[in-house]
1. Against the longest alpha carbon principal axis of the chain, how many degrees, from 0 to 90 and to the nearest 10, is the axis of helix 138-150 turned?
2. At q = 0.18, 0.29 Å⁻¹, what log₁₀ I(q)/I(0) does the stretch 44-88 have when each alpha carbon counts as one equal point scatterer in the Debye sum?
3. Can you compute the charge dipole magnitude of the chain about its Cα centre, using +1 on each Lys and Arg Cβ and -1 on each Asp and Glu Cβ, nothing else charged? Give it in debye, rounded to the nearest 20.
4. So if R0 is 22 Å, what FRET efficiency would Arg333 and Ile289 give, r being the distance between their Cβ atoms, rounded to the nearest 0.05?
5. Any chance you could run the full-extension gain for Glu184 through Met93? It's 0.36 nm times the residue separation minus the Cα-Cα distance, nm to one decimal.
6. Quick one: of the DSSP bridges fully inside the chain, what percent are antiparallel, nearest 5?
7. In the chain, if the dipole is taken from +1 on Lys/Arg beta carbons and -1 on Asp/Glu beta carbons about the Cα centre, which of Ala285, Gly244, Leu185 is farthest to the positive end?
8. Provide Rg and Dmax in Å for the stretch 238-338, with only Cα atoms included in the calculation.
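All of the numbers you see were taken from the coordinates with simple rules; none came from a lab. Nothing here was measured: the structure is a model prediction, and the numbers come from that model. In this analysis, Cβ positions are derived from the backbone assuming ideal geometry, glycine residues included, and neighbour counts consider all displayed protein chains.
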Amino acid sequence: MIRLQDIEFGYGRARVLDGLTLDIPARAITVLVGGSGSGKSTVLRLIAGLEAPRRGVVMIGGETVSRDGKIHVLPESRGVAMVFQDLALWPHMTVRQTLDFVLSAAVAVAERQRRLDQALALVGLERLADARPGRLSGGERQRVALARALVTEPRILLMDEPLSNLDPPLRDALVAELCRIQAELGLTVLYVTHSREEAFALGDRIAVVRAGRVEQVGAPREIYERPATAFVATFLGRGALLPGRLNGDRVECAFGSLPVLAPASAAEGHVLVMIRPEDVHVGPAGPFIGRVERVAFTGGWFEVEIAGSEWRLVAAANEELPSGDEVRFSVRRVAALPGPS
């Protein structure tokens with residue numbers, strides 16, 4: 001397990017992390033998601049030992065590795081490997097040479113061979129072991145970077161937006177491969193991304209970071225259906241935010257009294273109501289009327305923007321609806337978030 005407690009970090013007067021606290025469970029994939037400049041990559045650097053926090057504690061397996069500006073355990077002694085967004089492969093080295101280069105000279109010849117063969121097999125690059133980066137595709141180069149991290153047999157794998165430059169089908173395939181490798185090796189993985197699709201596909205847990213602080217941590221479904229803040233709600237999915245009033249397990253809003261996903265993240269009283277597209281049903285029996293503003297085909301269904309006098313919703317529909325038409329719809333359930341203070 002990795003623990004970051006009350007972390008403050010910055011460059012000069014610019015503060016990057018501001019009281020960040022996060023527990024990362026062992027042998028699982030935790031995805032750190034947030035906007036650019038939110039401090040995601042800095043968290044990786046602190047765990048890897050490339051930086052020390054100005055204030056706060058970084059612990060790995062119960063051992064303090066950094067505290068209050070000092071590094072107590074050097075990066076090479078932490079059992080951590082890192083895959084960067086810039087893969088930084090050496091153009092003059094073959095795949096096998098690249099992996100061999102990162103192993104300590106103290107590793108015996110037979111052990112080196114075992115590790116090289118195992119890492120190549122894990123990522124499916126055995127037949128390309130003697131190829132140089134110039135001959136490899138983008139996905140194959142990504143696998144080399146992953147194998148270079150795995151060959152050191154780390155306890156912890158840190159990944160900084162490694163798939164952001166790949167096309168969607170290849171990215172999806174590598175996401176599945178990473179899940180398989182993590183399960184096979186029992187690694188603790190911390191994966192940084194700004195993509196909610198990657199976050200939901202990979203994460204056993206998702207931690208949402210904003211302005212150097214963690215806003216919410218939870219399982220993907222929990223964090224999507226019961227967001228703790230408006231930022232989490234809108235960053236991780238489409239939907240509408242409306243004012244409302246929470247009373248027990250129901251909320252009063254522009255669409256009457258609706259059931260709330262329990263447990264609500266807000267206290268009773270004035271709240272923000274989050275309505276997801278899948279909870280808006282377009283059909284002739286719906287009690288509400290709105291105007292179709294925009295329709296987009298998403299591949300399996302149509303995303304429809306419906307506007308009223310004081311609200312705008314996003315709905316999922318099975319058929320294309322003409323823009324400007326009036327439609328009837330119903331709202332199945334909502335999430336209740338803390339209202340503005």
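1. Result, in degrees: 60.
2. -0.49, -1.03
3. 840 debye
4. Values: r = 20 Å, r/R0 = 0.91.
Rounded to the nearest 0.05, the efficiency is 0.65.
5. 29.9 nm
6. 75 percent
7. Leu185
8. My reading of the Cα-based Rg and Dmax gives 13.6, 40 Å.
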